[in-house]
Structures are given as C-alpha cells and as structure tokens.
Amino acid sequence: MKVAIGIDSHKGSLAAAAVDELGRVVGVSEVANDHDGHRELLEWRRRLDGQVRIGIECSGSYGNSVARMLVAAGEDVYEVPSNLSHRETRRQNRGKSDSIDAVAIARVIARGDALPRPRINQRFEDLKLLSDHHDHLKRLRTQLANRIHKHLMIVRPGYDRSLGSLRTEKVKRAILMMLRRDGSVRAELIKRNVKELRRLDAEMNELKLEISGAVAATGTSLTSQCGIGSLIAARLLGEVGDVSNLRSQAAFARLTGTAPIPASSGKTVRHRLNRGGNRKLNHALYFVAVTRCRLDDETKVFMERKLSEGKTKKEAIRCLKRHLANVVYRNLVADGQRLKEAA
C-alpha cells in the first residue's frame, strides 16, 4: 500500500497526517519542533507499512530542520507549496486546524503531482537566501525613492523634468544641493532619505558582487544564455535546487508555471495563463523573455511567427516562456551531468 504523509510545520510544533491512496486518513501525530520531536516523528513514520512519500509545507523555514533529518534518514521527501495545500483545505471545507492542514498536505502528495524536493544543498540554499535578500532591498529602495519623490513634488514641483529619476549619484547630489538652504522639516526628511538611499545602493552593489561570485562558483552555464545574468541565474538555481529531482522537461514546466492550460471552446483553440507553479521562477523566465525580445534576433523571429499565427502578444510571450523553460532545464541537466562526471 502506498502512504502519503503531510507535515504542517510551525515554530514550536509539527502536525503530521498519513493518508492512503484514496485519501483516507490512516494516522495523525503532533510533536514538538525540536530534536526529540523529530526523532518521535521518524519513529511514528516507521510504524506505517507500505511505500511512503512525505510532503512538508515550509521546508525552507520552520520545516527545514525536520526535512534535513528525514532526507538524511533516507526518506522520500517533497516540498508542498502552500497554495496547493490551502486549495485542498478549502475543498475539504472542514474548518482550520494543524491536523486538517496536515491532511490536506498529505492528499496533495497522494495525488502524485510534480513537486520540488526540499533545498538541502547548501550552495543552492545560499543562492536563494541571497536572491531573496536582494529582492527585499530592492523593494525597500523603491519605497524610499517613492517617498523622496512625493516630498520633492511638494517642495520643488516639476523637479523631475530637469533632474530625472533617482538612479544616479549625480541626481542625488543635485537634490542635496537644491535643498541646502532649505531648513524645513520636509526638506530635512528628504536629505535623510537621500542618504539612506545611498546606503541602500551601496549595499545592493556589494550584494550583486557576492551573488555573482556565488553563481560563478557553481560552474553553471546559464549565464551564457542571452537574457540571463547573475541575478536571474541565482534565482533559477536557488528556487530549483537539484534538477535531478525533476522527472522531465514537462515537470520543470509545471514547476515554473509555464505549462500551457487548455482553454478551448468550439472552433476556438487557445491556452490560458497558468497561475500555478513557483511564481518567482515564472517571473524570472518572464524577465528573460522580455530581454530576449529586445536583444535576440532568433527570439524576434519566434515572436513574429507566433503573432502571425493570430496569437496576442501576451499569448506569444507565454509560448516563449514555455520554450525558455525547456532551454533552462536542458542547461541545468547538462551542468549537473558535467559536474557529476568531473567528480
């Protein structure tokens, strides 16, 4: 008998539920999220008969330690995205509790969907952490720049027509010079924000260099592809992890949310937007697609062909993202094979 176990991880506790192939609950357990609790959970799992697959929600945060322990014990472990388990919980319509969430995670695993493995490889996990931190700093910078713009439009209306955006050091210096004799509270806040913007820019530049070095250390060939720089490569490697955990190009397309979803009716044959998969991976592929549309001649021909077939520009971009998913997958597989042979 095949058994699927779902683990709902929290800061202080782990709720686990086991279901059979038909989704019927065959066991429930709740343990502390610490060393003793992990050992108790493993003993509970070993009392279950049959072939076992384990799914963990939040294996990158509160469930990371138990995921590492289970993988080290030789268990078949997967990461279950929260959107899939939440959808399953709504379908059950039984309210909300840790045990109910664990059952939902187990049923997602029992369906046999193509799911990623937990990020156990430290190098890939480091790339994800660095990429996430860069995105965090980028959001902070955007908020800060918007705040400066808002205040400047009040004290110096139309400043942007002569100075432009806050991207360059020249513009920042010009703003400080423009307000040097203004002692109002708003002007002082602008000066402080500009100094903070400088600090953020310096930190982001240092982080980009760190990410570039970490990507180069992996020996990846992704950066040889048009439109994929160090930041995008770090995002792809950090989110995918070990590509050998994926069965095929189709599984990778589902993971990235680029697998086409039929939306045909009558004589109309089309595919709609896939809102599933890892949205960070999907966004990275979108960025690559837009860049290649601008710089790559082969991509321009591809887009023209899709547009001539009657597709809208958005639909053509989706087709391009699906093609790029195959390109990235083949690159990752080739890199993994090359490193394996070198070892």
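Only the coordinates and a few stated rules stand behind these numbers; no lab work does. Bear in mind the structure is a predicted one, so any value in this text is a computation, not a measurement. We place every Cβ from the backbone using ideal geometry, glycine too, and count neighbours over all the protein chains shown.
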The stretch 319-333 - phi-based ³J(HN,Hα) in whole Hz, Karplus 6.51/-1.76/1.60, Gly and Pro as x: 4, 5, 4, 5, 5, 5, 4, 5, 4, 5, 4, 5, 4, 5, 5
Helix 230-240 axis, angle to the chain major axis (alpha carbon atoms, nearest 10°): 20
Calculated FRET efficiency for the pair LYS208/LEU176, C-beta based, R₀ 22 Å, to 0.05: 0.30
Correct choice for percent of Cα pairs over 31 Å apart that was computed from the model, options (i) 32; (ii) 37; (iii) 50: (iii)
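Under the definition of Cα pairs under 8 Å and six or more residues apart, what whole-number percent is the relative contact order of the stretch 51-102? Please report the intermediate quantities before stating the final value.
Working: 44 pairs, mean separation 17.4, N = 52.
Value for the stretch 51-102: 33 percent.
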Partners for LYS170 among aspartates and glutamates (Cα-Cα distance below 14 Å; same-chain residues under 8 apart left out): ASP160, ASP201
Cα-centre dipole for the chain with unit charges at Cβ (Lys and Arg positive, Asp and Glu negative), debye to 20: 2020
C-alpha long axis of helix 297-308 to longest principal axis of the chain, angle in °: 70
The stretch 223-257: trypsin sites (Lys or Arg not before Pro) falling in loop per DSSP and having at most 12 other Cβ within 10 Å: ARG247
Cα-based reach from LYS280 at 26 Å (exclusive), listing lysines while leaving out same-chain residues under 8 positions away: LYS11, LYS128, LYS138, LYS208, LYS300, LYS306, LYS311, LYS313, LYS314, LYS321
Reach of LYS191 by Cα under 14 Å, taken over aspartates and glutamates that are not fewer than 8 positions away in the same chain: GLU169, ASP182
Gain on full stretching of the segment that runs from ARG139 to ALA250 - 0.36 nm per residue minus C-alpha separation: 36.7 nm
Size of charge dipole - the stretch 224-342 - debye, nearest 20, with Cβ of Lys, Arg +1 and Asp, Glu -1, no other charges: 600
Amide H within-cut-off set for VAL80, under 5 Å, with H built and near neighbours excluded: ILE56, GLU57, CYS58, SER59
Integer Hz, Karplus 6.51/-1.76/1.60 couplings in order for the stretch 164-175, x for Gly and Pro: x, 7, 8, 7, 9, 5, 4, 5, 4, 5, 5, 5
Whole-Hz couplings from phi, Karplus 6.51/-1.76/1.60, listed for the stretch 67-74; x for Gly and Pro: 5, 4, 5, 5, 5, 4, 7, x
Ordering of 77-89, 190-202 by packing [mean C-beta count within 10 Å, highest first]: 77-89, 190-202
Over the stretch 2-110, relative contact order from alpha-carbon pairs under 8 Å, at least 6 apart, %: 36
FRET E, pair GLN122, ARG186, Förster distance 35 Å, beta-carbon r, rounded to 0.05: 0.15
Principal-axis tilt of helix 82-92 within the chain, Cα atoms, nearest 10 degrees: 50
